[in-house]
1. For labels at residue B:18 and residue A:136 in the simple 7 Å Cα→Cβ model, what's the distance in nm?
2. Let me understand segment A:87-169 better: what is its radius of gyration from the alpha carbons, and its Dmax, in angstrom?
3. With the contact rule set at Cα under 8 Å and sequence spacing of 6 or more, what percent relative contact order holds for chain B?
4. Tell me, what is the FRET efficiency for residue A:129 and residue A:3 to the nearest 0.05, using R0 = 22 angstrom and their Cβ-Cβ distance as r?
5. For chain B, modelled as a Gaussian network with Cα springs under 10 Å, which listed residue fluctuates most, B:260, B:202, B:301?
6. In peptide B:276-285, what is the residue-averaged number of other protein chain Cβ atoms found within 10 Å of each Cβ?
7. Considering every residue in B:318-326, what mean count of other chain Cβ atoms within 10 Å of its Cβ is obtained?
8. Top mean-square fluctuation among B:281, B:258, B:327, Gaussian network model of chain B, C-alpha springs under 10 Å?
């Protein structure tokens, strides 16, 4: 394999991983606070359509990303209100959020079908992004650097700040956290909102980073893969990074295998397209073989908190 | 002022029945408001989506056709959800069932006889069960979450469908269209009433709902499912195997979704086409919840969701409402139902702040 091809594959892989990484980082924080939000796919679709619409109308991708994050946070509040304030079943409400996001994005996106936007490309000068070697560091969208920064930021927040400690305490033992005076519900509202924002921005990566147009259901189940990645990472942000890039590589293989031809042609393209989903199942199996999932999962994950007084 | 929730000693049966009806009514009100804000004819949308399919007798057959798969899949899912087993990949099992039935139809294409349809039905059920086999195995052996595995396999089923109808199963006479040959006369569901489009799927759906009701309320199995779902420790103490229950409810829900796939492919479609995955497997999740996970409730909820589908098509032609609006109405219904659940399990007390 030539160095050019290797670098091209790395750049494609990083791009394909970014939406997964962003959405999964958000969900990781949500789950650390003890809440299981299965609506990631719906929030990503919402962010994707809003991000596209705003970028298309204003021509400014930065505004598009802001709007996508805001929209994701807004729809996540429906989930937060139902599960945290009305104690609704988290699994069912998360599913409802995904169905909602699919419906909303399909309806809202119809007006934008077939309309092109520009990809949100690297903001570095040409001599860096065109350089045969250095482009591996510089030829990425600002969204990529943002996602990497967020891995660090989430990690720092969870393990080095007081607020992060409180959030983890709420997820590990809600009643104790409540009895020493922390508001379990408020912390969880905040975590769900952050998760919604990250999923919204992750969704916006599809039109801004991968294919610059609106296609109904363009996330193709990536929100669910993000949920699996959180399990894979054992709720650790740095392992999430490795997991997301691994999946990005699998998704990239489909593109390059088709282009490479030769021996790869024997494998039908539908099998390549199935690989990320099959790999997700395989990863879930490997993890449960390795160690008991329950040991690393937040103790209160998915359980409703009803204040005793 | 402060709002406090106090857990009821027992869930309110009155509210259990009232909240789904309330959710549908509130969806209509809220829907009219939201769609007016979005710049559509909100009242018209609600009228066309929820009322026209009921008042226009020409639409009743459409209702029966659309409700059948929703009810069959919904009944299966509701049994699983009762046991706290979350199969959300019914869409994949529906596709796998349709594909297995198609395979059987292609295999027996030169044959004739009444037994072809039952054979296809069995193939469909086995196809659906095969697609849920891996999630069931992984859940019971390795405690891998069935939510993610069953959903992942849905995407794989779609790819398998594409592979087959673009490749080995493509009809040689379809002028390049990705579809199989038409099934022969013995492989197509009979019409129940002459001159309508209602095929055997609708009465089968009703029959399955009634059978499921009898089994769930009268048999030990029904009791076992409910106990494993609501009181796993008591179930273990009572000698009910949790793993066996998981296997059974997953195979039932997969088998029924597969059967629904067979009835669709041998019914309205008469061949396998790319449009086969119509989202019934996902909508059936709403059906199961709206029907309160009770087979007869699912029967009614299946008709309600069918109304929104048929009404969505009406609204598209009469007032130009995009078809995607239906999905939004359906999601709204589920949100409102879940919000209403609080009334089933809690007493809401409003406490006015008193001056000291």
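No lab work stands behind these numbers, since they all come straight from the coordinates. Treat the numbers as computed from the prediction; the structure is a model and nothing was measured. All Cβ positions, even for glycine, are placed from backbone atoms using ideal geometry, and neighbour counts span all protein chains on display.
1. Placing both labels 7 Å beyond Cα along the Cβ direction yields 6.7 nm.
2. According to the Cα coordinates of segment A:87-169, Rg and Dmax are 20.1, 55 Å.
3. Details: 624 pairs, mean separation 131.5, N = 356.
Answer for chain B is 37 percent.
4. The computed FRET efficiency comes out at 0.85.
5. With Cα springs under 10 Å in chain B, the top fluctuation among B:260, B:202, B:301 is at B:202.
6. 1
7. The per-residue average across the peptide is 3.
8. Maximum fluctuation in the GNM of chain B, among the listed residues, is at B:327.
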